[in-house]
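The values are calculated or read from the model by the stated rules, or taken from the named source; none is laboratory data. Computed from a predicted model, the values in this text were never measured in an experiment. Here the Cβ positions follow ideal geometry from the backbone for every residue, glycine too, while neighbour counts run over all protein chains shown.
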């Protein structure tokens, strides 16, 4: 009986260390050009945009056994003319481009192209099928 308890205790100790080695933190993700806070203009109106990396822990349970994993995700938000912050999703990005899905009540696709020389980005938004100009300056 003591041998079984010792094995059980040893296994428990091993499992207790697994999340430490298997975890990811937001601070370990490589930075992208669009991360941070931006002062924008959308069709001439002032706006703000922000992108950051946040922790994204996940827990799944099956048959009374739960597994927790650590991870991170990129989250974006947009505020038009001082209005509420609306979620954004980066759908594709490159060294100077960003395709965005606006996740407000009328979801649509946006696009920005970054100029490292001016630390600004320009592109477009869409609303009801029409494109409108979007320009943003890096606030870092």
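Filtering the range 55-78 to residues that are surrounded by 10 or more Cβ atoms within 10 Å (Cβ to Cβ) and within 16 Å of the chain's Cα centre (by Cα) leaves 55, 56, 57, 70, 71, 72, 73, 74, 75, 76, 77, 78.
Note on the range 83-133: among residues that are in contact (Cβ under 8 Å) with a residue 60 or more places away in the chain, more than 22 Å from residue 73 (Cβ to Cβ) and under 20 Å from the mean Cα position of the chain (by Cα), the one that is surrounded by the most Cβ atoms within 10 Å (Cβ to Cβ) is 125. Considering the range 40-58, and only residues there that are touching a strand residue (DSSP E or B) at 6+ places or on another chain (Cβ under 6 Å) and not in a strand (DSSP E or B), the residue that is nearest to residue 139 (Cα to Cα) turns out to be 43.
Whether any residue in the range 16-39 is part of a strand (DSSP E or B), modelled with pLDDT of 90 or more, surrounded by 10 or more Cβ atoms within 10 Å (Cβ to Cβ) and on the phi > 0 side of the Ramachandran plot is what I want to check. Yes: the range 16-39 contains one or more residues that are part of a strand (DSSP E or B), modelled with pLDDT of 90 or more, surrounded by 10 or more Cβ atoms within 10 Å (Cβ to Cβ) and on the phi > 0 side of the Ramachandran plot.
In summary, residue 44 fulfils each of the numbered conditions (1) under 22 Å from residue 130 (Cα atoms); (2) within 12 Å of the chain's Cα centre (by Cα); (3) at pLDDT below 95 with the single exception of condition (2).
Entry remark, the range 53-82: residues being free of Cβ contacts under 8 Å to residues at least 40 places away in the same chain and farther than 18 Å from residue 110 by Cα number 17 in total.
Whether any residue in the range 80-100 is farther than 23 Å from residue 139 by Cβ and assigned to a loop (DSSP other than H, G, I, E, B) is what I want to check. Checking the range 80-100: not a single residue is farther than 23 Å from residue 139 by Cβ and assigned to a loop (DSSP other than H, G, I, E, B). Checked against (1) outside any loop (DSSP other than H, G, I, E, B); (2) within 17 Å of residue 136 (Cα to Cα); (3) modelled with pLDDT of 95 or more, residue 126 meets all criteria but (3).
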